[in-house]
Amino acid sequence: MAMEIRGTGKAVPVRRVSNDDLAGKIDTSDEWIRSHTGIGARHIAGEGTACSDLALEAAREALAMTAGWEGGDRENRDLAAAEAAKSLDLIVLATAGPDVYGCPSTACLVQDRLGARQAAAMDITAGCTGFVYGRETAAGLLLAGKTRKRALVIGSELLSKLTNWDDRGTCVLFGDGAGAVVLEKTGAPSEGPGRRGLVGSVLGADGSGADHLVIRRGGTRNPFKAGETVGIPPHIEMNGQAVYNFAVKAFADTCRRLLAEDGIGVDDVALIVPHQANARIVQAAAKRLGIPEEKFFLNIGEYANTSAASIPIALDELNRAGRLKQGDLVMTVAFGGGLPFGGNLIVW
Ligand code: COA
């Protein structure tokens, strides 16, 4: 039995904010941001947009692809997506910024708007590793249920709403977006010759670093109190250097383990799709691993760090550009707030 990706989709807000746009508002520069992160721009959602809105859009793109929709009229796309949604057994949505905290899950909101009546729905909290954890969770649940066949895995983030826009150390790093894949349990082999789909996985976490990337307010540890005036809404606080050091090590270790556990060399991998946090993290990990940088796909220049959405957005861009050929071995690797990390090997 194989867990194959049947469709991909993405949704990115239209509003593009360049480094120069930011430099007009805070004490930063295009040169600093590019040289320290590789970021050139980010896309920022409007005030009325929430996590489920971007998630729904990415989901419809992915579902319509499975139904053979090839672009054009949006109404037809939504009809194709609605039809495909009827066969979903599961929706797993990874996010750090759900529509509302606690309940309902954003996955339930998406399930309703898609009309996916047969689908179970749940959110995953694993920071920027959310999509890797989400895909793994979905694959496990498909395997565990005899009649379950199809899952939708979404990463959707609006970190612009969880950012302190006066903190130049964090606000330049993040962007909004969503990506989705349709995962299907098929009769193809997952081992040996002709293997397909998800063939390898590494998951881990280092909770001792939880304080290095954290949103402190709003939870049960530090709830808002009646009558309290909030200076800055809940926002990400980060120890950049500590996260950087953790990320380079977790990145390199995950790649090494994925290769070793599968008994393959890096030359067998067609492309590595990393979480897009910082081009320098990718470069440093590539150097440690002795892997040429060309092996890594980077689109951080355009979207910045979209957390759990960054890998599915990248997969969709690559897929639609025809850069993922049937049989290609693709490695994904992610790390993030918590501090979880992980990666997958996928035969496309
Ligand atoms: N523009 C201009 N200057 C900035 C700046 C900005 N946006 N942000 C920080 N600086 C300044 C600092 O104030 C500091 O100035 P000082 O030397 O006068 O005090 C200087 O740049 C160096 O700051 P530092 O924090 O040491 O920079 P750095 O080289 O560590 O790079 C990060 C900062 C955030 C880019 C880097 O630590 C990083 O990428 N960390 C990982 C973050 C990440 O990926 N998080 C998400 C994980 S999923």
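The values are calculated or read from the model by the stated rules, or taken from the named source; none is laboratory data. Owing to the predicted nature of the structure, the values given are computational and were not obtained by experimental measurement. When we count neighbours, we look across all protein chains shown, and the Cβ atoms used for this are built from the backbone with ideal geometry, even at glycine. These accessible areas exclude ligands, DNA and RNA; they are computed on the full protein's heavy atoms, side chains included. Shrake-Rupley method; radii C 1.70, N 1.55, O 1.52, S 1.80 Å.
Summary table below
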read-out: Pairs with Cβ under 7 Å, 6+ apart, first in region 63-84 and assigned by TED's automatic domain parsing to the domain that holds L152, second open to solvent by 70 Å² or more (accessible area, probe 1.4 Å); value: T66/R6; A67/E83; W69/N76
read-out: Selection within region 144-166 - outside any strand (DSSP E or B) and either without any contact (Cβ under 8 Å) to a residue 24 or more places away in the chain or farther than 20 Å from E47 by Cα (or both); value: A144, G145, K146, T147, R148, K149
read-out: Qualifying positions in region 26-58 - part of a helix (DSSP H, G or I), within 13 Å of the ligand (Cβ to nearest atom) and open to solvent by 20 Å² or more (accessible area, probe 1.4 Å); value: D30, E31, W32, R34, S35, H36
read-out: Residue in region 234-243 that is away from the ligand (no atom under 16 Å from the Cβ), at pLDDT below 95 and under 30 Å from R280 (Cα atoms) present; value: yes
read-out: Some residue of region 243-266 being within 30 Å of G218 (Cβ to Cβ) and among the hydroxyl-bearing types (S, T, Y); value: yes
read-out: Some residue of region 217-230 being under 23 Å from Y133 (Cβ atoms), outside the structural domain of L93 (by TED's automatic domain parsing) and of a type in the set (D, E); value: no
read-out: Of the criteria (1) near the ligand (Cβ under 9 Å from one of its atoms); (2) closer than 23 Å to I313 by Cα; (3) touching a strand residue (DSSP E or B) at 6+ places or on another chain (Cβ under 8 Å), which one F246 fails; value: (2)
read-out: Residue selected from region 113-141 under the condition polar (S, T, N, Q) and within 13 Å of N344 (Cβ to Cβ), by the criterion most open to solvent (accessible area, probe 1.4 Å); value: T137
read-out: Matching entry among L324, L298 (being in a loop (DSSP other than H, G, I, E, B), over 30 Å from G218 (Cβ atoms) and in contact with a Phe, Trp or Tyr (Cβ under 8 Å, 6 or more places away or on another chain)); value: L324
read-out: Residues of region 267-290 satisfying the condition of being part of a loop (DSSP other than H, G, I, E, B) and either open to solvent by 10 Å² or more (accessible area, probe 1.4 Å) or among the charged types (D, E, K, R) (or both); value: A270, A277, N278, G290
read-out: Cβ-Cβ under 6 Å pairs, at least 6 apart or on other chains, region 175-194 side of a type in the set (A, V, I, L, M), far side surrounded by fewer than 18 Cβ atoms within 10 Å (Cβ to Cβ); value: V182/R6
read-out: Number of positions in region 167-209 that are in a strand (DSSP E or B) and open to solvent by 10 Å² or more (accessible area, probe 1.4 Å); value: 11
read-out: Inter-residue pairs, beta-carbon under 7 Å, first closer than 24 Å to A11 by Cβ and in the same structural domain as G179 (by TED's automatic domain parsing) and in region 22-44, second among the basic types (K, R) and within 8 Å of the ligand (Cβ to nearest atom), 6+ apart; value: T37/R280; G38/R280
read-out: Search result, residues across region 1-21 that are under 27 Å from G46 (Cβ atoms) and either part of a loop (DSSP other than H, G, I, E, B) or touching a residue at least 24 places away in the same chain (Cβ under 8 Å) (or both); value: G7, T8, G9, K10, A11, V12, P13, V14, R15, R16, V17, N19
